[in-house]
1. Does A129 fit the bill of being modelled with pLDDT of 95 or more, assigned to a helix (DSSP H, G or I) and open to solvent by less than 40 Å² (accessible area, probe 1.4 Å)?
2. List pairs: first in region 179-194 and over 15 Å from Q55 (Cβ atoms) and outside any strand (DSSP E or B), second open to solvent by less than 50 Å² (accessible area, probe 1.4 Å) and at pLDDT 95 or above, Cβ under 6 Å, 6+ apart or cross-chain?
3. Look through region 42-82, keep the residues that are touching an Asp or Glu at 6+ places or on another chain (Cβ under 7 Å) and surrounded by 18 or more Cβ atoms within 10 Å (Cβ to Cβ), and return whichever of them is farthest from D109 (Cα to Cα).
4. Please work out which one of (1) of a type outside the set (F, W, Y); (2) free of Cβ contacts under 8 Å to residues at least 60 places away in the same chain; (3) open to solvent by less than 30 Å² (accessible area, probe 1.4 Å); (4) in a loop (DSSP other than H, G, I, E, B) is the condition R9 fails and give its number.
5. Answer yes or no: is there a residue in region 87-98 that is outside any helix (DSSP H, G or I), at pLDDT below 95 and either under 17 Å from T24 (Cα atoms) or among the small types (G, A, S) (or both).
6. Quick one: S159 ticks every box in (1) at pLDDT 95 or above; (2) open to solvent by 20 Å² or more (accessible area, probe 1.4 Å) except a single one, so which number is it?
7. For the subset of region 106-123 comprising residues that are in contact with a helix residue (DSSP H, G or I) (Cβ under 9 Å, 6 or more places away or on another chain) and open to solvent by 30 Å² or more (accessible area, probe 1.4 Å), which member is farthest from G28 (Cα to Cα)?
8. Could you check region 67-79 and list, in sequence order, the residues that are over 16 Å from the mean Cα position of the chain (by Cα) and under 22 Å from H137 (Cα atoms)?
Amino acid sequence: MPSMPFLTRPVLAAGTFSGAPQPTLPTGDGLVLRPWRTEDAPAVHVAFQDPVMHQWHARAADSEEEVRGWITEWQGAWERERGVQWAVADAADDRLLGRVALREWVLGDGVAEVAYWTTADARGRGVAARATRTLAHWALDEIGFQRLELLHAVANDASCRVAQKTGFALEGTKRKAVLHPDGWHDMHLHARVRGD
């Protein structure tokens, strides 16, 4: 069956990412966004034992072996052009402080979703906001994504503050959009577009 031609060009062409290694992104204020390493598995496993992680995430980490599988998936996402995941680390000692990601890529439209979490001891230090700001600059200004979306449970005030601090405008509420262990959650939809 013949395909229908598009009247517009893709915002980001296939091959934009897979031809180069995943970059390391310094925030300029003490953090670095770096590719994940297998040796990060113990720290990620510990982070996912935190009850706050259980409240806002649908996945649990039962073992370091399971987490090593996640890291393998995260490492391969870049090459497959499905998304990108970074470890957020202290620039001085490489201690893991969290994760920031661009997922759900639609390269033709130049759209992706931002996601993040922080370790318990990193909370309250602006780690998620600093990492998200750096990620947004890279994605919108350097790479050329057109739109970044950020979703969080309406009840997650801390995540809403991160979105607001990093220039993601609140666009609305997606009702009963994500299933958490305690039931369906309404989700705030925030977004930044190129030029914001």
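The values are calculated or read from the model by the stated rules, or taken from the named source; none is laboratory data. Here the structure is a predicted model, which is why all the values come from computation and not from measurement. Counting neighbours? That spans all protein chains shown, and the Cβs are built from the backbone with ideal geometry, glycine included. All accessible areas refer to the heavy atoms of the entire protein, side chains included, with ligands and DNA or RNA removed. Shrake-Rupley method; radii C 1.70, N 1.55, O 1.52, S 1.80 Å.
1. For A129, the condition - modelled with pLDDT of 95 or more, assigned to a helix (DSSP H, G or I) and open to solvent by less than 40 Å² (accessible area, probe 1.4 Å) - is met.
2. R194/L140
3. Taking the candidates together, the pick is H45.
4. Single failed check for R9: (3).
5. No, the conditions are met nowhere in region 87-98.
6. (2)
7. Checking each candidate, the answer is A120.
8. Selection gives E79 alone.
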